[in-house]
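Please read the structure below before turning to the comments.
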Amino acid sequence: MIPKKEINMVSDMAKWKRSQAYADYMGFILTLNEGVRGKKLTCEYKVSEPIEKLVALLNTLDRWIDETPPVDQPSRFGNKAFRTWYAKLDQEAEKLVATVIPKHLADAAPEVAVYLKESVGNSTRIDYGTGHEAAFAAFLCCLCKIGVLRVDDQMAIVFKVFNRYLEVMRKLQKTYRMEPAGSQGVWGLDDFQFLPFIWGSSQLIDHPNLEPRHFVDEKVVNENHKDFMFLECILFITEMKTGPFAEHSNQLWNISAVPSWSKVNQGLIRMYKAECLEKFPVIQHFKFGSLLPIQPVTS
């Protein structure tokens, strides 16, 4: 079943919140949130064959960026070479997904591939935002639902696969100067991502000396970003933006005043639901199929 859009009007949002897709998606996010709690990116964890294959898939996307340099054009933002890069993914997505899933599940490839294609930005608008990030999480969630990824892959899903995905997305954003999709500018958490702040804050829960107030300290970020996804995000923001942190990233600046990482983590989960998953402009693009169905949750 090829996934399609189901949320066409604001009044459809209630259908989304009651859906099996919403329950499964949110359950997946929260399971991973628990799975990485208190763990460093650099710690030891199991890496299964499907995880290796997913990283190889992402490495292919990365290589295609190198093979598709930005073109000369009058406008600084939204480099049209992104469309060439995207066309390649559009064409190859099913084949790429087929390399990750075993032969006996090959029928699922077209459905799962839809989420991969949705996860890298929009080729018309040359933008990227939290809806695209959600499509990648949905892609991984589907791979769990068909049994390709398992419970003991949790840490590798976040630390190896999702982290590699973030690196590739940052390279896309930088190379093709992508616009932030539906960004709330200075009032949003970040122009492009949200999930690494959730999972990254979970990593820092009960850390013996790093507190939320430390992430606005450049020295702390430089010394610890390789261990913590949250700090990696902060580093990328400071590379991309100029001026005082409190001005260009006001929401994050406010979060640095929260006393504990577990409070930050809980607050970000609430904020993610309210600012991303319950916003029509984001969810109208989400696609539903047999793996992430729009049907209401059956108790």
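The values are calculated or read from the model by the stated rules, or taken from the named source; none is laboratory data. Here the structure is a predicted model, which is why all the values come from computation and not from measurement. Backbone-built Cβ (ideal geometry, glycine too); neighbour counts: all protein chains shown. Accessible surface is based on the protein model in full, side chains and every heavy atom, while ligands, DNA and RNA are left aside. Shrake-Rupley method; radii C 1.70, N 1.55, O 1.52, S 1.80 Å.
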Q) What relative contact order, as a whole-number percentage, does the chain give when Cα pairs under 8 Å and 6 or more residues apart are counted? A) 33 percent
Q) Taking the Cα atoms of the chain alone, what are Rg (to one decimal) and Dmax (as a whole number) in Å? A) 18.6, 55
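Determine the alpha carbon to alpha carbon distance for each of LYS174/LYS263; LYS17/LYS279; LYS39/LYS241; LYS5/LYS117 and list only those over 20 Å.
Details: LYS174/LYS263 32 Å; LYS17/LYS279 11 Å; LYS39/LYS241 29 Å; LYS5/LYS117 14 Å.
Those over the limit are LYS174/LYS263; LYS39/LYS241.
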Q | Choice from PRO74, PRO281, PRO259 with maximal GNM fluctuation in the chain (Cα, 10 Å cutoff) | A | PRO74
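Rounded to the nearest 500, what is the chain's calculated 222 nm mean residue ellipticity when only DSSP H runs of at least 4 contribute -39500 (n - 2.57) each, over all residues? Intermediate values should be presented prior to the final figure.
Details: 14 runs with 154 residues, N = 299.
Taken over the chain, the calculation gives -15500 deg cm²/dmol.
LYS263: net charge of surrounding residues, Cβ under 15 Å, Lys/Arg +1, Asp/Glu -1, itself excluded?
Numbers: positive: ARG37, ARG213, ARG270; negative: ASP206, GLU211.
Surrounding charge for LYS263 is +1.
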Q) In the chain, carbon and sulfur make up what percent of the accessible area (probe 1.4 Å)? A) 52 percent
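Taking the Cα centre as origin and putting +1 on Lys and Arg beta-carbons and -1 on Asp and Glu beta-carbons, what dipole magnitude results for the chain, to the nearest 20 debye?
Here the size comes out at about 460 debye.
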**Q.** Stretchable slack from THR238 to ARG177, in nm (0.36 nm times residue separation minus alpha-carbon distance)
**A.** 20.3 nm
Q: Work out the P(r) tail for the stretch 182-290: percent of alpha carbon pairs separated by more than 21 Å, whole number.
A: 35 percent
Q) If you take the charge dipole of the chain about its Cα centre, with +1 on Lys and Arg Cβ and -1 on Asp and Glu Cβ, which of VAL10, TYR115, TYR128 is farthest toward its positive end? A) VAL10
Q.
Please list, ordered by chain and number, the residues whose modelled amide H lies under 5 Å from the amide H of GLY78; skip anything fewer than 5 residues away on the same chain.
A. MET178, GLU179
Q) Each residue of the stretch 154-164 in order: what ³J(HN,Hα) in whole Hz does its phi give by Karplus 6.51 cos²θ - 1.76 cosθ + 1.60, θ = phi - 60°, with x for Gly and Pro? A) 3, 5, 5, 4, 7, 6, 9, 6, 5, 5, 5
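Peptides 39-47, 140-148: what's the order by average Cβ count within 10 Å, highest mean first?
With the highest mean Cβ count within 10 Å placed first, the list reads 140-148, 39-47.
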Q: Quickly rank 117-123, 192-198 as a protection proxy: mean count of other C-beta atoms within 10 Å, highest first.
A: 192-198, 117-123
Q: Work out the charge dipole of the chain with +1 on the Cβ of Lys and Arg and -1 on the Cβ of Asp and Glu about the Cα centre, then indicate which of LEU291, ALA81, LEU41 is farthest towards its positive end.
A: LEU291
Q: Report the local net charge at HIS248: Lys and Arg +1, Asp and Glu -1, summed over other residues whose C-beta lies under 11 Å from its C-beta.
A: -2
Q) Per-residue HN-Hα couplings for the stretch 281-291, Karplus 6.51 cos²θ - 1.76 cosθ + 1.60 at θ = phi - 60°, whole Hz, x for Gly and Pro? A) x, 7, 6, 4, 8, 5, 10, 10, x, 7, 8
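Using the heavy atoms of the protein chains alone and a 1.4 angstrom probe, what is the accessible area of the stretch 85-180 per residue in square angstrom? Please report the intermediate quantities before stating the final value.
Values: 3430 Å² over 96 residues.
Heavy-atom accessible area per residue stands at 36 Å².
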Q: Grab the other residues whose beta carbon is less than 14 angstrom from that of GLU278, score K and R as +1, D and E as -1, and report the net.
A: +4
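Working out 0.36 nm times the residue gap between PHE280 and SER75, then minus their Cα-Cα distance, what length gain in nm do you get to one decimal? Show your work: numbers first, answer last.
Numbers: separation 205, 0.36 × 205 = 73.80 nm, distance 2.93 nm.
70.9 nm is the gain from fully extending PHE280 to SER75.
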Q | Max mean-square fluctuation residue, GNM over the chain, Cα-Cα springs under 10 Å, options LEU252, LEU105, LEU30 | A | LEU105
Q. So what does MET178 come to for accessible area, using a 1.4 Å probe and Å² rounded to 10?
A. 10 Å²
Q) Residue farthest toward the positive end of the dipole of the chain, with Cβ of Lys/Arg at +1 and Asp/Glu at -1: which of PHE280, TYR25, HIS248? A) PHE280
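Using the C-alpha gyration tensor of the stretch 17-164, what are the square roots of 5 times its eigenvalues, in whole angstrom, with the largest one first? Walk me through the numbers on the way to the answer.
Details: eigenvalues 148, 60, 56 Å².
Over the Cα atoms of the stretch 17-164, the semi-axes work out to 27, 17, 17 Å.
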Q: Can you figure out the FRET efficiency of THR60 with THR31, using R₀ = 25 Å and their beta-carbon distance, to the nearest 0.05?
A: 0.35
